[in-house]
1. Checking the condition free of Cβ contacts under 8 Å to residues at least 40 places away in the same chain, within 21 Å of R86 (Cα to Cα) and within 19 Å of the chain's Cα centre (by Cα), which residue from W188, W174 passes?
2. Can you name every residue in segment 469-487 that is open to solvent by 70 Å² or more (accessible area, probe 1.4 Å) and over 26 Å from R248 (Cβ atoms)?
3. Could you please tell me which pairs satisfy a Cβ distance under 7 Å, a separation of 6+ or placement on different chains, a first residue in segment 235-262 that is more than 25 Å from S65 (Cβ to Cβ), and a second residue that is of a type in the set (A, V, I, L, M, F, W, C) and more than 9 Å from the ligand (Cβ to nearest atom)?
4. Looking only at residues that are without any contact (Cβ under 8 Å) to a residue 40 or more places away in the chain and part of a loop (DSSP other than H, G, I, E, B) in segment 122-168, which one is farthest from the ligand (Cβ to nearest atom)?
5. Go through segment 21-43 and report how many residues are open to solvent by 30 Å² or more (accessible area, probe 1.4 Å) and assigned to a loop (DSSP other than H, G, I, E, B).
6. Failed condition for I228, given (1) of a type in the set (V, I, T); (2) assigned to a loop (DSSP other than H, G, I, E, B); (3) within 12 Å of the ligand (Cβ to nearest atom), with all others met?
7. Say we look at segment 471-484 and pick out the residues that are assigned to a strand (DSSP E or B) and under 15 Å from the mean Cα position of the chain (by Cα); which of these is nearest to the ligand (Cβ to nearest atom)?
8. State whether one or more residues within segment 86-93 are open to solvent by less than 60 Å² (accessible area, probe 1.4 Å) and either over 29 Å from T302 (Cβ atoms) or within 16 Å of the ligand (Cβ to nearest atom) (or both).
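The values are calculated or read from the model by the stated rules, or taken from the named source; none is laboratory data. Just so we're clear, the structure is a prediction, and the values are computed from it rather than from any experiment. Backbone-built Cβ (ideal geometry, glycine too); neighbour counts: all protein chains shown. What goes into the accessible areas is simple: the full protein's heavy atoms, side chains included, and nothing from ligands, DNA or RNA. Shrake-Rupley method; radii C 1.70, N 1.55, O 1.52, S 1.80 Å.
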Amino acid sequence: MSNNFGIQEALKQLGIKEINSGTSTGSKWLSNDGEVISSYSPVDGQLIGKIHATTASQYEQIVQSSADAFKTWRLMPAPKRGEIVRQIGEELRKYKESLGKLVSYEMGKSYQEGLGEVQEMIDICDFAVGLSRQLHGLTMHSERPNHRMYEQYHPLGIVGIISAFNFPVAVWSWNAMLAWVCGDVCIWKASEKTPLCSIACQNIINNVFSKNNVPEGVSCIVNGDYKIGELMTSDKRVPLVSATGSIRMGKKVGAAVGARLGRALLELGGNNAIIISENADLNVAITGALFGAVGTCGQRCTSTRRLIIHESKYEEVKNKLASAYKQLRIGNPLDENNHVGPLIDKDAVAMYLNAIEEIGKQGGKVLVEGGVLTGEEYESGCYVKPVIAEASNDLQIVQEETFAPILYIMKYKELDEAVAIQNGVVQGLSSAIMTTNMREAENFLSHAGSDCGIANVNIGTSGAEIGGAFGGEKETGGGRESGSDAWKVYMRRQTNTINYGKDLPLAQGIKFDL
Ligand code: NAD
């Protein structure tokens, strides 16, 4: 099946071999002596390639190499680093199709979404290039005469990036491109479920790095499971760990980094809801809810998991959604006629099946039945039917993020009640209201409205642009990545006061005369 969609050609272009080293300081790949990780495609169950995981002693080599690289990289003027990132953006444009294909094949999202993910990488490169001529601090007026006070931002050092399987390339680039223009060096630990994507990215940027004589160590790759991640989270030489993944992982990473008073940027799970008001344009609402719930097979951190529907529209929305679900084509995500691809692996399928069982046990009611698809086209065993269930918000299963296409629907009468339901979960990533009523929209966005990091009007919960800061509140972790002033977390802030006078007045008027 894979040959039909040009996968083998893409792997070749991206430099993916049958067996790859998973550890790199840039152009150098360290010798293959670590444990072997096999990457199977959820699309057709075929082995795509193998990698050798990073050993503890290789990790030491990597940290040493990054620490050395930081000493020179931080001295290069930021716009010059920006120029290198600009060239990375150009290189990504050349490899957009092949990388998009690998993302789709290794992770299982649609080819269109794979291309979209690479486009996000290109966009963040463009953004970072502009930023490289900014990275500005403020100037303040000093209370002391003949004094000047300002703040400036300096690079932090080594940034550890731990990424999740569902955005196997974009999340790294959100972090790395900003970190690099800020003058930091990066060590990326990709998800053990999508390791080949990390090898491909390293090969792509290497073309640029070697042309520009970028030192070894600026872009390092380590691979393996949580144990390699733990080496990074407990390592004092890594001042910032940016970790994307489940809340369970985030609590461990936050505790480990916090215990050494390092900085953790956490991008964790969501439990995102759309409120569909009595004043909603139902065409917009249904399309937004549908893409949000079944896109990427429900495996986005911003996937729509709950629909909170005004009682007057409940039956209509329920029926329209149910008939839209019937038209969904589930199948190979590289075939652009399909809407829904597979889940990442059989463990994810087991979690999906368990959640469906729990819905019934906990008092919910399944409206659009689920199930695992069988047959030649579904030979990986990872293709499932998207589910709609009626369930109250307080059910334990509704409170959890099941990383699968299961949509819970529920009713409300008054907007305050809908907002309370929307906020009534531990996660706080993305939220939306569908309404044409200005008062409802503004209330939803007010201090008393959505408590999430992202709050949209007449847009679904998924599909953010890189220009805004991305992240969520509460147990989603509080981190912000990508646009706006998210770059500040990759730098250390320093306040400078300069006395150009002939005496030394003290702040707060304190006298200390001899
Ligand atoms: P996961 O938590 O299983 O793994 C994520 C990464 O963390 C992997 O690289 C893994 O090896 C590593 N890891 C796990 N335990 C660790 C530990 N104790 N120390 C160091 N590293 C550790 O998540 P996943 O299944 O790959 O991804 C799905 C989850 O990610 C979902 O919860 C989703 O909502 C979340 N996610 C969040 C965002 C966001 O921006 N908020 C974006 C994408 C995914």
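1. Every option except W188 fails the conditions.
2. Passing the criteria: only D485.
3. So the pair list comes out as G254/A264; G258/A264.
4. The qualifying residue farthest from the ligand (Cβ to nearest atom) is H141.
5. Residues flagged as open to solvent by 30 Å² or more (accessible area, probe 1.4 Å) and assigned to a loop (DSSP other than H, G, I, E, B) within segment 21-43 amount to 6.
6. All conditions pass for I228, except number (2).
7. E481
8. yes
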